[in-house]
Ligand SMILES: NC(=O)c1ccc[n+]([C@@H]2O[C@H](COP(=O)([O-])OP(=O)(O)OC[C@H]3O[C@@H](n4cnc5c(N)ncnc54)[C@H](OP(=O)(O)O)[C@@H]3O)[C@@H](O)[C@H]2O)c1
């Protein structure tokens, strides 16, 4: 019998790639969606889709029943207030672990957190990701679990870094954080590979993995710009004050128009933080897995593919 995986967030950037890789590797995949937009694409690759929200224990029980592995990849990444992040990033984890604990044998639980969880005081998003991790650790009981903390993830269909990389193709480098910043990156296919590695081995349990593309010490902006196929001739460093003003304006207009903002005061605080380098000393050894895609290769694939 192929292993069956219950997946949240399958309609998103990372979840969509995970669903595809799991299916390619012969896993049965059941996904919980709250809208029908991505249902045809997922069904076309053989994913069983069920509908509902993460806020209801009944939906969550329907998702996880008789599965071997649960991956909680859904996450709210835009918002201003705690309640914008709470359902997907915290409450859902309590519901999922509660539902999993009643199953025999209990499924293995994978939580997609974020490197942001390392600095919960910076933003409401970072706080919610750390709260989510603590919720799993508290509620896991006898479940076998793992937490992945990726840094910024890039690849086809990513909405956040793609515009910056596209500008690099035109020779323009936009620097969003201080010159001294260092940050890790990972291609979405490598990130999916790390998760698959843990599913295959199922151990170690109760571990928190920071995972990146293996570039030692993280990137500087110079190293990112130098990874572009096209030479970056014009560099623009966005001043912190301008970012703060834009965030303030965005927060006010989002409150008025009712959309969840991406650029907020909290996001600016995350950008100003100068150390987003993963600690992978144990990761590659314990997972017995190594990333395959360097930034240079990832950018070349991304910028020459139709996906951009
Ligand atoms: N992308 C990155 O660079 C990055 C870095 C570190 C960590 N992460 C984490 O990775 C996970 C996936 O991120 P992503 O980049 O793939 O984001 P994404 O493209 O925005 O996808 C988010 C997914 O979560 C679902 N979701 C959000 N709020 C939900 C809610 N209240 N109830 C049910 N589903 C909800 C979305 O469903 P709808 O389609 O219905 O909106 C979508 O499927 C998140 O947990 C994020 O925190 C991402």
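The values are calculated or read from the model by the stated rules, or taken from the named source; none is laboratory data. Owing to the predicted nature of the structure, the values given are computational and were not obtained by experimental measurement. Here Cβ is always computed from backbone atoms with ideal geometry, including for glycine, and neighbour counts include all displayed protein chains.
Numbers for the structure displayed
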| item | result |
| --- | --- |
| Inter-residue pairs, beta-carbon under 8 Å, first on the phi > 0 side of the Ramachandran plot and in segment 204-223, second surrounded by fewer than 19 Cβ atoms within 10 Å (Cβ to Cβ) and assigned to a strand (DSSP E or B), 6+ apart | 217/182; 218/182; 218/275 |
| Given (1) crowded, with 17+ Cβ neighbours inside 10 Å; (2) away from the ligand (no atom under 11 Å from the Cβ); (3) without any contact (Cβ under 8 Å) to a residue 60 or more places away in the chain; (4) not in a strand (DSSP E or B), number of the condition residue 117 does not satisfy | (2) |
| Filter result for residue 156 (more than 21 Å from residue 6 (Cβ to Cβ), in contact (Cβ under 8 Å) with a residue 60 or more places away in the chain and within 13 Å of the ligand (Cβ to nearest atom)) | yes |
| From 149, 138, 130, residue being more than 13 Å from the ligand (Cβ to nearest atom) and either buried (at least 19 other Cβ atoms within 10 Å of the Cβ) or free of Cβ contacts under 8 Å to residues at least 60 places away in the same chain (or both) | 138 |
| Of the criteria (1) farther than 24 Å from residue 267 by Cβ; (2) in contact (Cβ under 8 Å) with a residue 12 or more places away in the chain; (3) surrounded by fewer than 17 Cβ atoms within 10 Å (Cβ to Cβ), which one residue 82 fails | (1) |
| Some residue of segment 161-179 being within 20 Å of the chain's Cα centre (by Cα), modelled with pLDDT of 95 or more and either part of a loop (DSSP other than H, G, I, E, B) or within 15 Å of the ligand (Cβ to nearest atom) (or both) | no |
| Residue in segment 239-256 that is touching a residue at least 12 places away in the same chain (Cβ under 8 Å), surrounded by fewer than 18 Cβ atoms within 10 Å (Cβ to Cβ) and in a loop (DSSP other than H, G, I, E, B) present | no |
